[in-house]
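Worksheet for the structure shown next.
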Amino acid sequence: MAKQEFKAESKRLLDLMINSIYTNRDIFLRELISNASDAIDKVYYKTLADENKNFNKEDYYIQISVDKANRTITVEDTGIGMNKSDMEDNLGIIAKSGSLQFKKDNEIKDGFDIIGQFGVGFYSAFMVAKKVKVLSKSIDDDKAYLWESEGIDGYEISESEKSSNGTIITIYLKDNTDEEKYDEYLEEYKLRSLVKKYSDFIRYPIKMEVTKSRPKEDDKDNYEDYIEIETLNSMVPIWRKNKNELTEEDYINFYNEKHYGFDKPLKYIHTSADGVIRYTSIMYIPSMLPFNYYSKEFKKGLELYSNGVLIMDKCSELLPDYFGFVVGMVDSEDLSLNISRETLQHDRQLKLIAKRLNEKIKNELTNMLKNKREDYDKFYDTFSRSLKFGIYDNWGMNKDELQDLIMFKSSLDKEKYTTLEEYVSRMKDDQKEIYYATGESVEKIEKMPQTEFLLDKGYEILYFTDEVDEFAIQVLRTYKEKEFKSVSSSDINVDNTEKEKNEEKAKESKSMLDEMKEILKSNISDVVISNRLKSYPVCISAKGSVSVEMEKTLNAMPT
Ligand code: ADP
Ligand code: MG
């Protein structure tokens with residue numbers, strides 16, 4: 001028996017497509033604009049390959065118009081156009097991509113920006129359209145054709161009229177129902193915001209007729225509406241511009257325009273890579289803590305673009321939790337997109353990018369710490385908990401990465417932060433451990449009886465006033481082979497000439513100690529003579545590695 005070809009049940013496939021590939025019907029405009037941009041790119045490519053042809057930039061644009069009365073939206077381009085067979089192939093067969101074919105036929109590899117590849121984006125129009133008309137004239141044909149479809153019942157192609165090459169797509173919006181309203185797509189602000197969000201960096205102008213207001217010629221006190229054609233997109237993304245042409249103001253404007261934050265960012269990081277994987281990124285360290293940063297509602301992530309087209313709003317895989325405060329974007333042409341362009345197929349490339357960006361952020365922070373200490377202090381005031389959580393999180397997997405970025409105030413100067421490295425460099429010759437004291441505030445710590453004895457020896461003490469501090473340090477355990485020790489720990493390792501004297505005293509006072517122990521036994525485990533007290537008669541010490549303060553925190557935790 002002869003082999004039978006599979007025939008796709010187009011109706012059902014279309015239905016499936018429309019209702020399950022995309023999660024967000026807004027993207028139909030992105031898809032139509034991307035196709036229009038591809039169509040212009042193809043003309044551009046052809047003129048590049050043909051020295052008798054010129055590409056006049058002014059002739060190439062995309063135009064959106066709206067007819068409110070008839071509830072239609074049109075997207076027009078001056079691109080390569082389609083003839084009858086192009087329409088049959090590319091608009092008649094689901095999952096056939098003329099653009100992918102074009103790239104193959106012309107052996108186009110990297111550096112050329114054609115967006116299309118899956119052959120499904122066009123049909124996303126049916127998420128909002130009850131009928132779609134495509135009027136097109138191919139650059140290689142003198143006839144124009146009209147393709148029409150109401151979706152499930154197939155399509156019709158007829159000869160038509162159009163003076164120049166290019167394509168006009170008309171969307172007849174679906175009727176509103178009680179559940180679904182489509183009228184918003186007729187509104188200028190909606191279309192403008194969709195273009196800004198998804199297609200801002202399409203390289204050809206996306207124009208739209210917009211209504212504006214001006215004082216009347218003869219009556220300056222009153223206003224009149226007038227129509228103007230406006231280019232909605234910025235076209236050249238700032239991240240593709242040369243770094244030395246950009247000013248700090250440009251970066252801050254971009255930050256504000258994109259609503260990454262409402263503050264003035266503390267730092268921007270513009271970086272690109274050209275190796276195994278190509279990408280460009282602009283990241284920012286905000287100066288203010290997002291209001292919900294430490295809550296479950298907070299979503300970290302960078303915007304992800306593929307060739308200038310927005311794919312994901314907040315791609316969380318790009319940032320580790322401890323740098324979750326970083327905002328910004330990445331654009332890469334090397335991503336394997338999922339068919340809906342809403343997610344990725346493989347995360348291998350993404351992981352690689354994430355790793356590089358992580359290194360970059362760390363280097364920038366390290367530089368700031370070394371060279372712009374005031375900025376770093378400001379940053380640290382705002383985001384220190386995130387870094388300290390980072391050390392504690394994931395079983396300490398990232399502790400080496402982060403230990404040089406954390407700082408504490410100390411007995412040396414309670415107003416100033418010190419890094420662990422700086423602390424260690426100041427350690428006295430006979431000092432064997434790194435000391436810390438935990439308390440609610442610096443004032444309370446300074447009143448701790450246990451600190452006196454160490455301060456007397458000229459040892460510096462780190463002040464832990466944040467609950468997470470001691471947890472982070474417990475994970476670190478040591479820094480440059482020096483062990484962290486709580487001042488309230490019973491086994492502080494200091495040279496002790498008075499040890500014998502204490503043993504003597506303990507023997508003498510045994511009965512008193514025993515009595516005290518008996519009275520307090522429900523709360524304490526031992527009473528001993530201490531050589532660590534000066535002006536205070538008693539103090540509470542912790543056995544083992546946990547301080548009294550940390551015990552309190554642990555006890556307060558829900559179990
Ligand atoms: P893709 O863009 O991934 O190829 P689409 O479903 O969006 O898939 O479009 C299918 C094909 O239809 C395109 O590859 C292209 O060949 C053709 N096409 C769509 N829109 C246009 C247009 N405005 N001008 C010329 N060709 C177009
Ligand atoms: Mg497409």
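The values are calculated or read from the model by the stated rules, or taken from the named source; none is laboratory data. Note that the structure is a prediction, hence the values are computed from the model and not measured. Here the Cβ positions follow ideal geometry from the backbone for every residue, glycine too, while neighbour counts run over all protein chains shown.
Computed quantities for the displayed model
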{"quantity": "Some residue of segment 383-401 being surrounded by fewer than 16 Cβ atoms within 10 Å (Cβ to Cβ) and closer than 19 Å to N367 by Cα", "calculated": "yes"}
{"quantity": "Whichever residue in segment 64-77 is closer than 19 Å to D41 by Cα and buried (at least 21 other Cβ atoms within 10 Å of the Cβ) and, among such residues, is farthest from ligand 1 (Cβ to nearest atom)", "calculated": "I64"}
{"quantity": "Which numbered condition V134 misses (of (1) surrounded by fewer than 17 Cβ atoms within 10 Å (Cβ to Cβ); (2) closer than 23 Å to S340 by Cα; (3) away from ligand 2 (no atom under 11 Å from the Cβ))", "calculated": "(1)"}
{"quantity": "Some residue of segment 292-301 being among the hydroxyl-bearing types (S, T, Y), free of Cβ contacts under 8 Å to residues at least 12 places away in the same chain and part of a loop (DSSP other than H, G, I, E, B)", "calculated": "yes"}
{"quantity": "Residues being surrounded by fewer than 17 Cβ atoms within 10 Å (Cβ to Cβ), within 22 Å of Y45 (Cα to Cα) and away from ligand 2 (no atom under 12 Å from the Cβ) - total across segment 91-112", "calculated": "10"}
{"quantity": "Criterion (aliphatic (A, V, I, L, M), buried (at least 17 other Cβ atoms within 10 Å of the Cβ) and within 43 Å of the chain's Cα centre (by Cα)) met by exactly one of I152, I171, I157", "calculated": "I171"}
{"quantity": "Residue identified as of a type in the set (D, E, K, R), surrounded by 17 or more Cβ atoms within 10 Å (Cβ to Cβ) and either at pLDDT 95 or above or closer than 28 Å to S97 by Cβ (or both) among K258, K300, K355, K351", "calculated": "K300"}
{"quantity": "Filter result for the condition that a residue is closer than 30 Å to T366 by Cβ, under 22 Å from the mean Cα position of the chain (by Cα) and part of a loop (DSSP other than H, G, I, E, B), over H259, H270", "calculated": "H259"}
{"quantity": "Test: residue in segment 362-374 that is touching a Phe, Trp or Tyr at 6+ places or on another chain (Cβ under 8 Å), surrounded by fewer than 16 Cβ atoms within 10 Å (Cβ to Cβ) and over 30 Å from D331 (Cα atoms)", "calculated": "no"}
{"quantity": "Residue that is small (G, A, S) and closer than 27 Å to T280 by Cα, where the choices are S213, S199", "calculated": "S199"}
{"quantity": "Residue in segment 188-203 that is surrounded by 12 or more Cβ atoms within 10 Å (Cβ to Cβ), within 22 Å of F55 (Cα to Cα) and β-branched (V, I, T) present", "calculated": "yes"}
{"quantity": "Contacts under 6 angstrom Cβ, first residue in segment 269-288 being surrounded by fewer than 19 Cβ atoms within 10 Å (Cβ to Cβ), partner assigned to a loop (DSSP other than H, G, I, E, B) and among the hydrophobic types (A, V, I, L, M, F, W, C), 6 or more apart", "calculated": "S287/L266"}
{"quantity": "Cβ pairs under 7 Å, 6+ apart, first in segment 331-356 and in contact (Cβ under 8 Å) with a residue 60 or more places away in the chain, second aromatic (F, W, Y) and part of a helix (DSSP H, G or I)", "calculated": "D331/W239"}
{"quantity": "Residues that are among the basic types (K, R) and without any contact (Cβ under 8 Å) to a residue 60 or more places away in the chain, drawn from segment 524-544", "calculated": "K543"}
{"quantity": "Residue satisfying all of: in segment 27-63; in contact (Cβ under 8 Å) with a residue 40 or more places away in the chain, of a type in the set (D, E, K, R) and within 19 Å of N106 (Cβ to Cβ); surrounded by the fewest Cβ atoms within 10 Å (Cβ to Cβ) among these", "calculated": "K46"}
{"quantity": "Selected residue (only one of I519, I434, I473 is farther than 25 Å from Y322 by Cα and among the aliphatic types (A, V, I, L, M))", "calculated": "I519"}
{"quantity": "Cβ pairs under 6 Å, 6+ apart, first in segment 499-523 and over 16 Å from S541 (Cβ atoms), second assigned to a loop (DSSP other than H, G, I, E, B)", "calculated": "K505/I529"}
{"quantity": "Candidate set: segment 106-157, residues that are of a type in the set (S, T, N, Q) and outside any helix (DSSP H, G or I); chosen: the one farthest from Y185 (Cα to Cα)", "calculated": "N106"}
{"quantity": "Members of segment 205-237 found to be loosely packed, with under 13 Cβ neighbours inside 10 Å, in a loop (DSSP other than H, G, I, E, B) and of a type in the set (A, V, I, L, M), listed by number", "calculated": "V236"}
{"quantity": "Criterion (more than 22 Å from Y376 (Cα to Cα), surrounded by 17 or more Cβ atoms within 10 Å (Cβ to Cβ) and in contact with a helix residue (DSSP H, G or I) (Cβ under 6 Å, 6 or more places away or on another chain)) met by exactly one of S340, S332, S306", "calculated": "S340"}
{"quantity": "Matching residues, segment 32-69, being out of contact with any Lys or Arg (no Cβ under 8 Å at 6 or more places or on another chain) and under 16 Å from L191 (Cβ atoms)", "calculated": "L32, I33, S34, A36, S65, V66, D67, K68"}
{"quantity": "Qualifying residue in segment 400-407 (condition: part of a helix (DSSP H, G or I), modelled with pLDDT of 95 or more and over 20 Å from S287 (Cβ atoms))", "calculated": "yes"}
